[in-house]
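In what follows, a single structure is set out as structure tokens and then discussed.
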Amino acid sequence: MTAKWKEVSAYTGQDIEEDAPTNFGGQGSGVDMNPTGMKKKKKKSLIDARTKAYKAHKAKLETARVKREQARKSKFIEKVQENFGEFERETFLVEDNVDVLKNIVKTKGAKTLKFSDGKMKVDLFTAGALVTVMDKVNADNRTKLTKMVNGKKAQFQAAANATFKMLNKAR
């Protein structure tokens with residue numbers, strides 16, 4: 001004897017009546033939703049490089065590639081690439097430490113100064129002392145002081161010590 005099963009709602013306990021049967025047409029079900037019920041056969045298309053159609057397609061692809069390459073290039077990029085050789089070494093780009101010292105005083109924050117033998121962080125007090133002394137000394141001493149500030153670390157420290165001595169004598 002075969003058993004007959006009834007589908008019962010878990011919430012009400014009463015029989016469930018289906019309006020219409022549903023087919024699961026999802027992935028892996030094997031159900032084709034084609035009205036004829038037959039699966040469509042895929043045409044195998046082999047690409048043969050000897051055909052005229054392939055050669056025309058290849059020419060079309062190559063022209064599209066050339067257009068993309070031309071669109072990517074701009075005058076700005078070309079100028080940058082031409083001038084790229086001019087910026088070979090960073091040593092040619094000289095940064096004036098006097099301007100950096102004035103910027104430290106203006107922004108009231110410590111910054112690093114670049115010297116020929118390395119870098120050094122300078123605080124607001126030292127920068128302020130150097131800037132005030134540079135403003136008050138004569139032109140010859142100002143050029144000597146700027147050479148010391150833009151030279152090596154030891155020269156900068158000597159210039160800073162000399163300015164502190166000058167400021168202490170003035171008080």
Just how large is the dipole of region 97-170 about the Cα centre, in debye to the nearest 20, putting +1 at every Lys and Arg Cβ and -1 at every Asp and Glu Cβ?
100
Which order results if 54, 11 are arranged by neighbouring Cβ count within 10 Å, fewest first?
11, 54
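Could you compute Rg(Cα) / (2.2 N^0.38 Å) for region 97-170, with N its residue count?
My calculation over the Cα atoms of region 97-170 gives 1.00.
Just so you know, all these numbers are worked out from the coordinates, no wet-lab data involved. Note that the structure is predicted; figures quoted are calculated from it, not measured. Counting neighbours? That spans all protein chains shown, and the Cβs are built from the backbone with ideal geometry, glycine included.
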